[in-house]
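I have placed the structure first, in the form of structure tokens, so that the comments after it can refer back to it.
No lab work stands behind these numbers, since they all come straight from the coordinates. Being a predicted model, the structure only gives us computed values, none of them experimental. In this analysis, Cβ positions are derived from the backbone assuming ideal geometry, glycine residues included, and neighbour counts consider all displayed protein chains.
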């Protein structure tokens, strides 16, 4: 990460993607914003730039107010941001003159002249310029003139940043380090230069490094002893931190911050130390003699080592309990897709094994993978089994705890899999999908899954972001994590054990609707299917069958009827199937009227095959119900994700074309 402090001598950033803010503490809320900036920069082959200010603008704009106690000084901020993947950090000297700039001048003379951004990632309530008149509307107003795009951070995310910062301060002042560190996403950091002291610690066998903090507004923890890690010259050591007035020294009541580094003897005056504070051990105590102090410090060191040992054990337990994931890409003669999309999967999935399951391709796709990506494992199948049975046979050969079923025409983004895996902390979550956007138009949802799949009372599928052929722009309107009815087969994370126990996909489907059928079984067993829109992928779509293919129409209608017959309550089938016949007949008529005779014939063909297979379907229904009964969490099925109305009536008769209008 490049760090710049002189805004008069900045380089020409390439396709700059910028964000602006204090980023105090660089906590989990900030990381989401930074991840977005880094992601956009990678997608646009640009540079990510974070702009922050020193001193804090409030100290200049409201000098009469009590200054906010900051979580991170500039030095600490640099240390924390260096691990986020940012390309550039620009620290701007905030002055009275800058605070009095008109918003138009701020945009033109500051943002455009110095950064020339292509994207500005900013919160909905961001204010700038004289009297804080500038806001996101100003940025939008000037965007056409200066040819940049504004990416607005949703209100929920911005509010989370503010709330998190306040909570962190409160927990730190209560000495609740575990809670504060959890909110931060990292241990609370104290960084500063080592200065000379009175060497009392050295005289009793506990030499300490006195730390000078370069910002008087830094939030200093309450007086006491803390267990810490100390980073010096890129090496990490255990230690214990003292904050207090050294009551044993009668003539010195100055607040002191000093650290005793275990098993360390080098002279480090003038060095910069980064101290990660792990746990509060005890309050500051007055001692009558140095011997009494030394006796207590022996106990403190023992306590600190124990504290850090327990902390390391917790980290090891988390690491050991991290779940193994197999990312499986089913391939059939897809060399061009693999060339285009596999590089992003490899780059954005560094910690999990990637497999290409090949359905007996006749092109050179497998040899290309082996030559260019030798770490990607190959599963060779003897013939083309289609999507459903192809995955069944491939996944039978794997032992990971979770599978990701990923189409070969999907581009992934940084942390896509980590974000999906976050939801598996809930043991009832059996499947997760990301937000699926269009590869051809990355501002729009993609047909196959969008931001989560749903069904209506007649079990017609639709998505948040896609209803029939109406596909919405992604404006953050469906960014909340929530339960859904089905996860898209284009990119679906699934619990491997449940996949096996529920019989996997129905091989008779070949392709299309098999994921809805499987997710319905998960719901009948009481499990949850979720979408996490913080995970984002881009799907080309139509890679196997074109969306306008009559064969796809046949598979969708046939497999939909199969799915209803196998999963719906028997009493409900009495009315659901007749209504489906009537509504599907409307589709036949509609296709005829629009000149798509092949699609009408495909629907009729689907019904013929369905009728001839009714006995086999009910036998299969009995088999699947036995599997469901063996693992179900509750007698009552999970019905989340079902719209208890008609999507046909809502869409065509009531003219409600988007999910938000349901």
Can you give me the distance in nm between label points at residue 195 and residue 572, each placed 7 Å from the Cα along the Cα-to-Cβ direction?
7.1 nm
Exposure proxy check on 113, 521: fewest-to-most Cβ neighbours within 10 Å is 113, 521
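Counting other beta carbons within 10 Å of each residue's own, what order do 148, 226 fall into, fewest first?
Numbers: 148 22, 226 26.
Least crowded to most crowded, the residues run 148, 226.
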I need the Debye-formula profile for the stretch 548-662: one equal scatterer per C-alpha, no solvent, reported as log10 I(q)/I(0) at q = 0.13 1/Å, two decimals.
-0.65
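How large is the Rg to Rh ratio of the stretch 420-473 when both quantities use alpha carbon positions and Rh follows Kirkwood? Don't jump to the answer; show the numbers that get you there.
Numbers: Rg = 12.8 Å, Rh = 12.2 Å.
That ratio equals 1.05.
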In Å and on Cα atoms, what radius of gyration and Dmax does the stretch 78-212 show?
20.9, 68
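Residue 633 to residue 130: FRET efficiency via 1/(1 + (r/R0)^6), r the Cβ-Cβ distance, R0 51 Å, to the nearest 0.05?
Details: r = 59 Å, r/R0 = 1.15.
The value I calculate is 0.30.
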How big is the stretch 455-507 on each of its three principal axes, counting only the C-alpha atoms and giving the largest first in Å?
38, 25, 19
What are the radius of gyration and Dmax of the stretch 1-160, computed over its Cα atoms and given in Å?
14.7, 44
Could you tell me how far the Cα centroid of the stretch 345-422 sits from the Cα centroid of the stretch 505-543, in Å?
16 Å
Helix-derived [θ] at 222 nm for the chain: sum -39500 (n - 2.57) over DSSP H runs of at least 4, divide by residue count, nearest 500?
-11500 deg cm²/dmol
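Please report 73, 5 as a ranked list, fewest other C-beta atoms within 10 angstrom at the top and most at the bottom.
Numbers: 73 22, 5 13.
Taking fewest neighbouring Cβ atoms as first place, the list is 5, 73.
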Projected label distance in nm at residue 299 and residue 216, using a 7 Å step from Cα toward the beta-carbon
3.7 nm
Label-to-label distance, nm, for residues given as residue 255 and residue 626 (7 Å Cα→Cβ offset)
7.2 nm
Gain upon complete extension [residue 609, residue 112; 0.36 nm per residue less C-alpha separation]:
172.6 nm
Would you mind calculating the gained length between residue 44 and residue 312 on full extension (0.36 nm times residue separation, minus the Cα-Cα distance), in nm to one decimal?
92.6 nm
Would you work out the Kirkwood radius for the stretch 26-80? I mean one over the mean of 1/r across all pairs of different Cα atoms, in Å.
13.3 Å
Roughly how many Å is it from the Cα centre of the stretch 277-306 to that of the stretch 452-485, as a whole number?
58 Å
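Relative to the present Cα-Cα distance, how much length would full extension add between residue 616 and residue 363 at 0.36 nm per residue of separation?
Values: separation 253, 0.36 × 253 = 91.08 nm, distance 3.62 nm.
Working it through step by step, the gained length comes to 87.5 nm.
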Please compute P(r) over all alpha-carbon pairs of the stretch 375-416, binned at 10 Å starting from zero, and give each bin as a whole-number percent.
20, 54, 24, 2
I'd like the FRET efficiency for residue 140 and residue 594, computed as 1/(1 + (r/R0)^6) with the beta carbon distance as r and R0 of 41 Å, rounded to 0.05.
0.55
Taking P(r) over Cα pairs in 20 Å bins from 0, in percent straight from the coordinates, which label in [x] 16, 40, 31, 11, 1; [y] 16, 37, 31, 14, 2, 0; [z] 18, 55, 26, 1 is the correct one?
[x]
For the stretch 187-320, one quarter of the surface area of the C-alpha convex hull, expressed in nm², comes to 8.3 nm²
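Could you work out the relative contact order of the stretch 187-320? I mean the mean sequence separation of Cα pairs under 8 Å and 6+ apart, divided by the number of residues, in percent. Could the numbers behind the result be given before it?
Details: 242 pairs, mean separation 41.4, N = 134.
Once normalised by length, the contact order is 31 percent.
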Apply 1/(1 + (r/R0)^6) to the Cβ-Cβ distance of residue 648 and residue 481, taking R0 = 41 Å, and write down the FRET efficiency to the nearest 0.05.
0.90
